[in-house]
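Below is one structure; the comments refer to it alone.
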Amino acid sequence: MRKLNFLCSELSGTGGTETVLIKVLNHLVNNYEITLTLSNIPEEKEWLEKIDTRVKINMFRGKGNISKLLFILRSFLFEKNTDYISLSPKMVLLGSKIKKFLNKKYQVISWFHLSLATQDVFDTQNTLPYADGHLAISDINKRELLKMGIGEEYIRLIYNPIEKEEILPKVFENSKELNVFYAGRIELGTPKNLRELLNGINKIENIHLDIYGGGNDLEKSMKLVNDLGIDSKVTWHGWSSELWREIVERPDALIMTSNSEGFPMIMLESISRGIPVITSNFDGYDSILKENINGYSYELGNIESMKNAIEKLREDRLSPEKIRDSIKKFYSDSYFRKLDKSIEYFISCKK
């Protein structure tokens, strides 16, 4: 059986990337021998328990950059008949250099999960072009890869997968109060931009916000809510590994005020349950959002524009069935067909 090793760095255990990894690894393990290599111990480990037991998990437990480098090097040097799918740009570069220097025959495929247009954490310009192929999670990332001079034949746009779920029940259809929720890291600034969300809630009447998540800015965010005098309009639920077991009644909307996103799984998760989305117009939002069908966008940084989008939602009451059907191309059957073809294409094109 052919082998694939997924290379990951700095996963927290609470993000959308982990959600996608679970689905992808559990699918591919039926056709490949799968290894998941983690260069850190995630803060939250519950997601690892959802991975098929046939997947081998290698986790770096040592200390220091030299030890970590040796840990990754072993994957490239000693594994046989293995191709690599890397979520880490640095590991793409490392694997490519070793391949060239030692005349190895494996393929290194990049699968980057942040927005290439806005992120400034990784040196993608000088790392990703070394990959033998690229799995793009968004139209934006495909565009940015092309800008790097990578040929279109080396890029496959696959997006991210989501299950088609049952539409959540709505208990109070005619309630005057709009119930919206946010789920994700608690960051007042970039990229989640919760300061804008909380300032917006302060300006809007008859609205209640449920917040699911944790992060370094939790205490500051709670203080801001108190300072704005909107404690009665906000409920804090903390982070949950089983979000959709907690949300059992259909909220009026998911709300996002992000400056940037790679490919926000929470948008797909919500829409697949018939929940519309109010979102800032971050670069790439319209890969998922269809105006007046599954939600509304507003101009990033413009509270009045956010208020108008929320009022549209309040007036229109979009159809849950049409909301759910608006993302057919992301549902698992379609996604896994594209993924399987893309991986097969890249690993059969040995350079």
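Since every read-out is calculated from the coordinates, none of them should be taken as a lab result. Just so you know, these numbers come straight off a predicted model, no measurement behind them. Backbone-built Cβ (ideal geometry, glycine too); neighbour counts: all protein chains shown.
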| note | Among region 28-60, those whose backbone N falls under 14 Å of a label point 7 Å along Cα→Cβ from LYS90 are 38-41, 60
| said: Can you give the local net charge around PHE330? Use residues other than it whose beta-carbon is closer than 13 angstrom to its beta-carbon, Lys and Arg +1, Asp and Glu -1. | reply: +2
| note | Pseudo-spin-label distance GLU163 to VAL248, built 7 Å along Cα→Cβ, given in nm, is 1.8 nm
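Can you figure out the FRET efficiency of ILE66 with SER241, using R₀ = 41 Å and their beta-carbon distance, to the nearest 0.05?
Values: r = 33 Å, r/R0 = 0.82.
The value I calculate is 0.75.
So, counting K/R as plus one and D/E as minus one, what does the shell of residues with Cβ under 10 Å around HIS208 add up to?
Details: positive: LYS233; negative: GLU177, ASP210, ASP252.
Around HIS208, the charge tally is -2.
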| query | Of (i) 52, 22, 20; (ii) 55, 22, 18; (iii) 38, 21, 19, which one was derived for semi-axes √(5λ) of the Cα gyration tensor in Å from the structure shown? | reply | (iii)
| request: List the relative contact order of the chain as a percent without decimals, with contacts defined as Cα pairs under 8 Å and 6+ residues apart. | output: 15 percent
| field | Vicinal HN-Hα couplings computed from phi for region 273-281 (Karplus, 6.51 cos²θ - 1.76 cosθ + 1.60; Hz; Gly/Pro x) | value | 9, x, 9, x, 10, 9, 9, 5, 8
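Could you sort out which of LYS192/LYS233; LYS23/LYS338; LYS170/LYS307; LYS203/LYS312 sit more than 18 Å apart by Cα distance in this structure? All intermediate terms of the calculation are to be shown ahead of the outcome.
Numbers: LYS192/LYS233 20 Å; LYS23/LYS338 14 Å; LYS170/LYS307 23 Å; LYS203/LYS312 16 Å.
Checking Cα-Cα distances, LYS192/LYS233; LYS170/LYS307 exceed 18 Å.
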| said: Take GLN125 and GLU49, extend 7 Å from each Cα along the Cα→Cβ direction, and tell me the distance between the two endpoints in nm. | reply: 4.5 nm
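Sort region 178-328 into rounded, prolate or oblate with this rule: let a ≥ b ≥ c be the square roots of the eigenvalues of the Cα gyration tensor; rounded if a/c is under 1.5, and if a/c is not under 1.5, prolate when a/b is larger than b/c, oblate otherwise. Mind showing how you got there, number by number?
Details: a/c = 1.43, a/b = 1.32, b/c = 1.08.
Cα axes put region 178-328 in the rounded bin.
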| said: Can you list residues from other chains, or at least 5 along the same chain, whose modelled amide H is less than 5 Å from the amide H of TYR298? | reply: THR279, SER280, ASN281
| request: Would you work out if region 1-143 is rounded, prolate or oblate? Take a ≥ b ≥ c from the square roots of the eigenvalues of the alpha-carbon gyration tensor; rounded if a/c is under 1.5, else prolate when a/b is larger than b/c, oblate otherwise. | output: rounded
| task | Give the peptides 252-265, 65-78, 176-189 in descending order of average Cβ contacts within 10 Å, highest first. | result | 252-265, 176-189, 65-78
| message | Report the Cα centroid-to-centroid distance between region 1-52 and region 165-243 in angstrom, as an integer. | response | 29 Å
| note | Helix-only [θ] at 222 nm, the chain, -39500 (n - 2.57) per DSSP H run of 4+, per residue, nearest 500, equals -10000 deg cm²/dmol
| note | Stretched fully, the stretch from SER332 through ASN226 gains (0.36 nm per residue minus C-alpha distance, one decimal, in nm) 34.0 nm
| Got a sec to turn the phi values of region 197-214 into Karplus ³J(HN,Hα) couplings, 6.51 cos²θ - 1.76 cosθ + 1.60 with θ = phi - 60°, whole Hz, x for Gly and Pro? | 4, 5, 5, x, 4, 4, 9, 10, 8, 6, 9, 9, 10, 9, 10, 10, x, x
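Under the classification rounded if a/c is under 1.5, otherwise prolate if a/b is larger than b/c and oblate if not, where does region 274-317 fall, given a ≥ b ≥ c as square roots of the Cα gyration tensor eigenvalues? Intermediate results must be reported in sequence, preceding the final value.
Numbers: a/c = 2.57, a/b = 1.05, b/c = 2.45.
It is oblate, given that a/c is not under 1.5 and a/b is not larger than b/c.
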